[in-house]
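Note sheet for the following structure.
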Amino acid sequence: MSAAPIRIFVPVDAAALSVGAEAVAEAVIREAAARGLAVEIVRNGSRGMLWLEPLVEVETPEGRIAYGPVAAKDVASLFEAGFAAGGAHGLRLGKTDELTWMKRQQRLTFERVGIIDPLSIADYRAHGGFAGLEKALSLTGNEIVQTIKASGLRGRGGAGFPTGIKWQTVLDAKAEQKYIVCNADEGDSGTFADRMLFEGDPYLTIEGMAIAAVAVGATRGYIYLRSEYPHAHRTLQRAILKAEAAGLIGASVMGTEHAFHLQVRLGAGAYICGEETSLLESLEGKRAIVRAKPPLPALQGLFGKPTIVNNVLSFAAVPWILDHGAQAYADYGMGRSRGTLPVQLGGNVRRGGLIELAFGISLREIIEEMGGGTLSGRPIRAVQVGGPLGAYLTAEQLDVQMDYEALAAMRAMLGHGGIVVFDDTVDMARQARFAFAFCAKESCGKCTPCRIGATRGVEVMDRIIAGTERPKNIAVLRDLAKLMTDASLCAMGGLTPMPVMSALNHFPEDFDRPPLPLAAE
Amino acid sequence: MAGYPAWDQDSARTIIAGLAHLEGATLPMLHALQDEFGYVDPQAVPLIAEALNLSRAEVHGAISFYHDFKTAPQPARLVKLCRAEACQSLGCEKVVAELAAEHGIVVDGGPSGDALVETVYCLGNCALGPSALVDGELIGRVDAARIAGLCQHGRA
Ligand SMILES: Cc1cc2nc3c(=O)[nH]c(=O)nc-3n(C[C@H](O)[C@H](O)[C@H](O)COP(=O)(O)O)c2cc1C
Ligand code: SF4
Ligand code: FES
């Protein structure tokens, strides 16, 4: 009478752990044992419905049933209610795949996240993993690069540069050594897609990097991961070891003559290491000072050799494209933004999490319909899109579509797809001050407009907030912003004016309040 | 301190030698030393410089550039409190103020008992903030009392 064990899924994603998933997993094991139930606990990634974490799922003949948010103290009552067979309970949400949040999405990159056991190669394969790499191994380097070009894939790290063109440059470069570098610095506030992908489906990025290596003839690769992600670090390291042991990468990629040696390298708490040339300096063991371009990293990158530097999500899109074809990918999206974008919704929002959708959905649909408005229940006042260097938008501007060009047209940027919601208690002059303070702290120091300008910016904002000679100081602020935009070497100094100026232009009333001591009643 | 062995020049040398074959080995070495001893003693500078054929200034420059590396022994518990925009919108500055006013813990103000509370910008938990990383473990929806309790605990 040994029935197959019941499969119960308890996420091991860091966000789920941050609100108690570990204790829930322990309680499930304990309660099942107490009842003599044979269960198999799968520690999956997160489905992205972070407000429902810890989200526990149980496999039933009708499909996977979700319960959440589950606290350890709820587990006994869940078993009482027969949740192991999908039974009714106050926390029962229904079939996971049929929840509105899930159904609305178009998951290509995140199709396996939350579904599979992240470190199981068998599970990864069973869900289509390594089909893209197998396909790539049957093509020439040039055919792979043409496929990526035809897909319209643009770099998901922020700048939106066409990935295929970058790969072509590296393919065409002649060198005895080429490198593949994955930018997993993910330093922007409001972004967590790279982390969730590594924790929920680590082989996908590894596969994407291996395809890049096969395409351009690179034999070494590095994943540069920020040190703020210790959990993703452990998962990735284990995944690389397992992929090597299984002969998927290493001395021979899937039994072919291609070698691809991959390592994870940890950053050390510096935002600027997300900038690609600074990242390369860091990988070389130096202070992460930005390099002037040209030369492009594609021609003279890591240790002076031709190097593909791409974001995690860019590499992760590649296996799907190889497997399903360039056109299938390009069929999603709008304008020059093809495919899907993993959107990360955070901050003061009721239902925050990760949503993967074709380009083109409006910010308002994301925040109001999917996100359910603010967590505080107060009106939305400002939304920052694209990280600390991105613009603050007003509640009136939210009809803009998620698309590189549409946002650029309103002096905003999509960046890495992070959305941060603020309610009406936000003080936009303080947010402008923070943008400068962040730049001052994280500047690499190479060029004067950024290094000195950011510090001057904090001082000017302090005078404006204190009510000292406001019109004169606002004029200084505009001047400074223009100088930083025009004269900074990289986007750190060059884009810091974006949050500052959007705050000033869209929320001028916050820059013209009574001086603070008077404001406090 | 607690949990870490005292700096030992010989084992530092062994750790460094074990990583010298890596390309661009400086950061892996610094991380490995900090993992072992809780900080990177200035005595490591000439060892790394020699192992990698770099100048001491280059090694020192790298250590001082990155926020993570500490050059003196650290309190037993390290709390990194996120103060980036998403956590700001969820009240992390209120947490900072309450920590100071109600618990005498000043963020970035040096050790509080056996704990150190530092600012960090984004922990990738922006939908469940305010967030903190406590000895490598991520905590969501954190408040001042919880952090103060964890600092207290670190003292035991
Ligand atoms: C200050 C700064 C920070 C950046 N941070 C990141 C980052 O965390 N992750 C990332 O992929 N790209 C980041 N970028 C963009 C990279 O420089 C580069 O454009 C990107 O890694 C290229 O990959 P992609 O073409 O796949 O987007 C940053 C750029 C700047 C100027
Ligand atoms: S803009 Fe700032 S971060 Fe970029 S190179 Fe200049 S000093 Fe460095
Ligand atoms: S902004 Fe605090 S975790 Fe991302």
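The values are calculated or read from the model by the stated rules, or taken from the named source; none is laboratory data. What you see is a predicted model, and the numbers here were worked out from it, not measured in a lab. Cβ: placed from backbone, ideal geometry, glycine included. Neighbour counts: every protein chain shown. For the accessible areas, the whole protein counts, side chains as well, though only heavy atoms, and no ligand, DNA or RNA atoms are used. Shrake-Rupley method; radii C 1.70, N 1.55, O 1.52, S 1.80 Å.
With respect to residue A:298, is the statement that it is part of a loop (DSSP other than H, G, I, E, B), within 11 Å of ligand 1 (Cβ to nearest atom), more than 24 Å from residue A:198 (Cα to Cα) and not β-branched (Val, Ile, Thr) true?
Considered against the rule, which asks whether it is part of a loop (DSSP other than H, G, I, E, B), within 11 Å of ligand 1 (Cβ to nearest atom), more than 24 Å from residue A:198 (Cα to Cα) and not β-branched (Val, Ile, Thr), residue A:298 comes out as yes.
Which of the helices (runs of 4 or more DSSP H) contained wholly in the range A:1-110 include at least 2 residues that are within 29 Å of the chain's Cα centre (by Cα)?
A:14-18, A:21-34, A:100-103
Test residue A:387 against the criterion of being in contact with a His (Cβ under 8 Å, 6 or more places away or on another chain) and within 16 Å of ligand 2 (Cβ to nearest atom), and give yes or no.
Against the criterion (in contact with a His (Cβ under 8 Å, 6 or more places away or on another chain) and within 16 Å of ligand 2 (Cβ to nearest atom)), residue A:387 qualifies.
If you check residue A:84 against the conditions, is it away from ligand 3 (no atom under 16 Å from the Cβ), over 30 Å from residue A:334 (Cα atoms), small (Gly, Ala, Ser) and touching a helix residue (DSSP H, G or I) at 6+ places or on another chain (Cβ under 8 Å)?
Yes: the conditions hold for residue A:84.
Identify the single condition in (1) more than 21 Å from the chain's Cα centre (by Cα); (2) of a type in the set (D, E, K, R); (3) within 14 Å of another protein chain (Cβ to nearest Cβ) that residue A:194 does not satisfy, given that it satisfies every other one.
Condition (1) is where residue A:194 drops out.
If the Cβ limit is 9 Å and pairs must be 6+ apart or interchain, which residue in the range A:347-369 that is farther than 23 Å from residue A:195 by Cα and of a type in the set (Gly, Ala, Ser) pairs with which residue that is at pLDDT below 95 and part of a helix (DSSP H, G or I)?
From the range A:347-369, the pairs are A:360/A:406.
With A:276, A:228, A:284 as the choices, which residue is within 14 Å of another protein chain (Cβ to nearest Cβ) and within 16 Å of residue A:179 (Cα to Cα)?
Step by step, each of A:276, A:228, A:284 is checked, and only A:284 is within 14 Å of another protein chain (Cβ to nearest Cβ) and within 16 Å of residue A:179 (Cα to Cα).
Residue check: is residue A:425 surrounded by fewer than 18 Cβ atoms within 10 Å (Cβ to Cβ), within 11 Å of another protein chain (Cβ to nearest Cβ) and more than 20 Å from residue A:332 (Cα to Cα)?
yes
Name the single residue, out of those in the range A:323-367 being more than 16 Å from ligand 3 (Cβ to nearest atom) and within 14 Å of another protein chain (Cβ to nearest Cβ), that is farthest from residue A:145 (Cα to Cα).
A:350
Output the residues belonging to the range A:219-235 that are assigned to a helix (DSSP H, G or I) and of a type in the set (D, E, K, R).
A:234
Which numbered condition trips up residue A:220, out of (1) farther than 21 Å from residue B:28 by Cα; (2) away from ligand 1 (no atom under 13 Å from the Cβ)?
(1)
For the range A:130-138, state whether one or more residues are away from chain B (no Cβ under 14 Å), in a loop (DSSP other than H, G, I, E, B) and in contact (Cβ under 8 Å) with a residue 60 or more places away in the chain.
Scanning the range A:130-138, I find at least one residue that is away from chain B (no Cβ under 14 Å), in a loop (DSSP other than H, G, I, E, B) and in contact (Cβ under 8 Å) with a residue 60 or more places away in the chain, so the answer is yes.
Restricting to the range A:441-462, count the residues that are more than 10 Å from ligand 2 (Cβ to nearest atom) and within 14 Å of chain B (Cβ to nearest Cβ).
Of the residues in the range A:441-462, 1 are more than 10 Å from ligand 2 (Cβ to nearest atom) and within 14 Å of chain B (Cβ to nearest Cβ).
Restrict the check to the range B:37-52 and report whether at least one residue is within 8 Å of chain A (Cβ to nearest Cβ) and either surrounded by fewer than 23 Cβ atoms within 10 Å (Cβ to Cβ) or touching a helix residue (DSSP H, G or I) at 6+ places or on another chain (Cβ under 6 Å) (or both).
The answer is yes; a qualifying residue exists.
I'd like the residue in the range B:85-119 that is in a loop (DSSP other than H, G, I, E, B) and of a type in the set (D, E, K, R) and, out of all such residues, is modelled with the highest pLDDT.
B:108
For residue A:286, are the conditions met, namely being more than 22 Å from residue A:192 (Cα to Cα), touching a residue at least 12 places away in the same chain (Cβ under 8 Å) and either open to solvent by 20 Å² or more (accessible area, probe 1.4 Å) or away from ligand 1 (no atom under 13 Å from the Cβ) (or both)?
Criteria not met by residue A:286.
Return the pair list, or none, for Cβ contacts closer than 6 Å from residues in the range A:82-108 that are open to solvent by 30 Å² or more (accessible area, probe 1.4 Å) to residues that are part of a helix (DSSP H, G or I), at least 6 apart or on different chains.
Matching pairs, first to second residue: A:89/A:78; A:89/A:83.
Kindly indicate whether residue A:114 is more than 28 Å from the chain's Cα centre (by Cα) and more than 27 Å from residue A:334 (Cα to Cα).
Here the answer is no, as residue A:114 does not meet what is asked.
Out of everything in the range A:141-185 that is part of a loop (DSSP other than H, G, I, E, B) and within 16 Å of ligand 2 (Cβ to nearest atom), what residue ends up being farthest from the other protein chains (Cβ to nearest Cβ)?
A:159
Just to check your reading of the model, which residue among A:189, A:138, A:227 is open to solvent by 10 Å² or more (accessible area, probe 1.4 Å) and within 16 Å of ligand 3 (Cβ to nearest atom)?
Matching residue, one of A:189, A:138, A:227: A:227.
Here's a check for you: in the range B:53-101, which residue that is of a type in the set (A, V, I, L, M) and at the interface with another protein chain (Cβ under 7 Å from one of its Cβ atoms) is surrounded by the fewest Cβ atoms within 10 Å (Cβ to Cβ)?
Filtering the range B:53-101 for residues that are of a type in the set (A, V, I, L, M) and at the interface with another protein chain (Cβ under 7 Å from one of its Cβ atoms), the one surrounded by the fewest Cβ atoms within 10 Å (Cβ to Cβ) comes out as B:62.
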